[in-house]
Amino acid sequence: MKRLADGLHLLSGFPPNVMNVYLADGVLIDAATRHARRRILRQLRGHEVSAHAITHAHPDHQGSSHAVCEALGVPLWAGEADAPAVEDGRIADRQPSHPLNRLSERAFAGPPHPVARRLREGDRVGCFTVLDTPGHSAGHVSYWRESDRTLILGDVVFGCHPCTGRPGFHEPPVFFTPDPARNRESARKLAELEPALICFGHGPPSRDTRGFVEFVRSLPR
């Protein structure tokens, strides 16, 4: 587990930074695929975890959510519009019709799990504020800490190329994104914050504020 900032750690994974999981002020953010449960629980030993929250209900972010919540006895929190997918497990039904979405659900998704708290804009998760950032999913949320301008933005923007894994700013693939135009609006909302530390769902964390802002400004409207 790597410390990124006060109260914020990035759990290790293999390969590194492919599917990121964070511990933020005692809240586990995202849970990779269902195959990651052992490595997540192993790294959480000795750490106090009060809840588990996801950025969005896709198989590579909620896969181990049920297992982690059951093992630790903590509640699961999700964006209000993504809560139904978390609870009924029909994730691919809410994504574009594409074979990769069906394959991802079969290979990576975890069991359904009750959502104890439906997150909305302005809610607090530890020292972070919830921001509504829909587009990549209907209820995608991001987590923002203004005191040090730290942003956990899930998949609004990728921190690596989705095929090669090479670091850099990229839009999420359209076949995983129900509303690309709305996702760009969410990206512009986040770029206006000028985050000092950007923590992606995919790709290494970045402190390239200028590069992030310029990339988002270059996106088509």
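Just so you know, all these numbers are worked out from the coordinates, no wet-lab data involved. Everything numeric here is computed off the predicted structure, so don't read it as measured data.
The figures follow:
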item: Cα-based Kirkwood hydrodynamic radius, the range 28-98, one decimal, Å; result: 12.4
item: Using alpha carbons only: equivalent-ellipsoid semi-axes of the chain, gyration tensor based, whole Å; result: 23, 20, 16
item: Length released on extending from A181 to C163, taking residue separation times 0.36 nm less the Cα-Cα span; result: 4.3 nm
